[in-house]
Amino acid sequence: MQFQLSEEQLMIQQAARDFARQQCLPGVIERDEKQQFPKEQVLQLADLGFMGMMVDPAYGGAGLDTVSYVLAMEEISKVDASTSVCMSVNNSLVCYGLQEFGTEEQKQQYLTPLARGKKDNELYIGAFMLSEPEAGSDATSQRTTAEDMGDYYLLNGTKNWITNGGTASVYLVMAQTDPAKGSKGINCLIVEKSWPGVVVAAKENKMGIRASDTHTVMFNDVKVPKKNRVGADGFGFTFAMKTLAGGRIGIAAQALGIASGSLEFSTQYAKTRKAFGTEIMNHQIIAFKLADMATRVDAARLLCLKSAWQKDNGMDYTISSSMAKVFSSETAMWASTEAVQIHGGYGYVKEYHVERLMRDAKITQIYEGTSEVQRIVISRGILK
Ligand code: CAA
């Protein structure tokens, strides 16, 4: 066993760190306040090859490993979790699914520009649509229907809390074709936002990751060609579960970044802020908080990297990605709350960043499977 990163992985980590500090940090408070989508930052991520990091270069990707993806997600999430969730959904829920299960035609037509993050020099990203008003954790209860009409599906229904819902050009939509078959009757369809019958509702006004683009999207009699189904008839639920297993590594890494960002901001503050005649780092109660944060951040990082390494080595990572997600997201929530405490009154106002990290942390315990769902996946896995 060795814990050393390769030269290439270190380069990716440094590139992501520089990008986050130079391009994301300036303006991050304003974008959060105004709920302004970080379009410029996402276009820069596309130029860095970070929108399709693990996709084969033959399909427009960077051909990197999942470990590099975790390193990049951590660095960007330290300062801007709104930008990193956009990157994560495109990489692990959209590009991964198409690369793994798409047809050659789907890869040429959709995966290639999605992995580049651009088409005709314009932003071109994807969204993943599983959640519905009455199907969040209980994902098999899909009400959206994809009626088989011969050479096309007729798509009707509503999808909720969709990351990239307004900015994405392409949607991967889970829909029920044969309700009698339950989870085996669900299909995944590639839908273009510009098609007749697709309606994007207003942007959600969220607690955290406010600059990310979250919408309800409705489908009214949308005609989807059969060639746009991903995988065999009825493969949609398995597709969603397999894709989410990898997605959870991305969100775990996002949570890790929020936690390690909380530690970095707090460490800098503790070295400069004085109280009772000395820098607050010299008070044991603060130093021990930092020690506990550093220990839990490192444990979260090891879980994330182990799961990524298992994925890169063709091993089963279903349990490890859920472990990484539940532990990292709970660490993010705890560490960002400690960061606000260490900053005192300054932590409660926006200029010091940690109140945003605390608000951003919460969603990592909810999306791509709540902490409760991760515990279902882990317990079923270990008890099998
Ligand atoms: N790989 C392959 N197949 C899988 C699988 C996996 N990881 N997990 C389940 N399946 C299969 C099962 O084997 C089962 O098949 P059989 O009937 O042949 O045995 C079938 O799928 C149904 O599975 P379950 O019986 O386990 O289904 P369940 O109703 O008990 O639900 C669950 C399981 C784990 C709770 C699942 O519903 C789940 O993961 N829910 C959470 C959904 C989620 O993560 N949503 C996030 C939305 S996306 C998002 O947030 C993106 C964003 O914008 C950031």
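Taking other residues whose beta carbon is less than 12 angstrom from the beta carbon of THR112, and scoring Lys, Arg as +1 and Asp, Glu as -1, yields +1. Taking other residues whose beta carbon is less than 10 angstrom from the beta carbon of GLU33, and scoring Lys, Arg as +1 and Asp, Glu as -1, yields +3. If you bin all the Cα-Cα distances of segment 256-384 at 5 Å, starting from zero, the percentages per bin are 2, 12, 19, 19, 17, 12, 9, 6, 4, 2, 0, 0. Computed over the chain with a Gaussian network model linking Cα atoms closer than 10 Å, the most mobile of VAL55, VAL85, VAL349 is VAL349. Charged neighbours of GLN13, selected by a Cβ distance under 11 Å, balance to -4 (K, R count +1; D, E count -1).
Within straight-line reach of LYS181, meaning a Cα separation under 12 Å, sit the following aspartates and glutamates at least 8 residues removed in sequence or on another chain: ASP233. Rounded, prolate or oblate for segment 320-384? Axes are the square roots of the Cα gyration tensor eigenvalues, ordered a ≥ b ≥ c, and the cut-off for rounded is a/c under 1.5. The shape class here is prolate. Take ASP178: with every protein chain present and a 1.4 Å probe, its accessible area is about 50 Å². For the chain, modelled as a GNM whose springs connect Cα atoms under 10 angstrom apart, the maximal fluctuation among ALA15, ALA245, ALA291 occurs at ALA291. Only DSSP H runs of four or more residues enter the estimate; each adds -39500 (n - 2.57), and after division by the residues of the chain the mean residue ellipticity at 222 nm equals -15000 deg cm²/dmol.
Between segment 192-214 and segment 1-76, what's the alpha-carbon centroid distance in Å? Here the answer is 23 Å between Cα centres. Each of ALA291, VAL42, GLN142 was placed along the dipole of the chain (beta-carbon charges, centred on the mean Cα), and the one lying farthest toward the positive end is ALA291. In the full protein context, the chain carries 42 Å² of accessible surface per residue, based on a 1.4 Å probe and ignoring ligands, DNA and RNA. Projected onto their three principal axes, the Cα atoms of the chain cover extents of 78, 45, 40 Å, largest first.
Using the Cβ-Cβ distance between LYS119 and LYS181 with R0 set to 45 Å, the FRET efficiency works out to roughly 0.80. For segment 246-305, which whole percent of the accessible surface, found with a 1.4 angstrom probe, sits on carbon and sulfur atoms? Here it works out to 58 percent. Ranking GLY345, THR167, PRO26 by how far each Cα lies toward the positive end of the dipole of the chain (charges on Cβ) leaves GLY345 at the top.
Translational D (Stokes-Einstein, µm²/s) of segment 20-179 at 37 °C and 0.692 mPa s when Rh comes from the Kirkwood sum over C-alpha pairs? For these conditions, the coefficient is 197 µm²/s. A straight Cα-to-Cα reach below 25 Å connects LYS350 with the lysines LYS34, LYS39, LYS78, LYS203, LYS206, LYS271, LYS274, LYS289, LYS362, residues fewer than 8 places away in its own chain not being considered.
For segment 91-245, the gyration tensor built on C-alpha atoms gives a rounded shape. Its axis ratio a/c (a ≥ b ≥ c) stays under 1.5.
The values are calculated or read from the model by the stated rules, or taken from the named source; none is laboratory data. This structure is a prediction, so every number in the text was calculated from the model and none was measured. So basically every Cβ, Gly included, is an ideal-geometry build from the backbone, and we count neighbours across all protein chains shown. The protein model used for the area step is the full one, side chains on, heavy atoms only, and it has no ligands, DNA or RNA in it. Shrake-Rupley method; radii C 1.70, N 1.55, O 1.52, S 1.80 Å.
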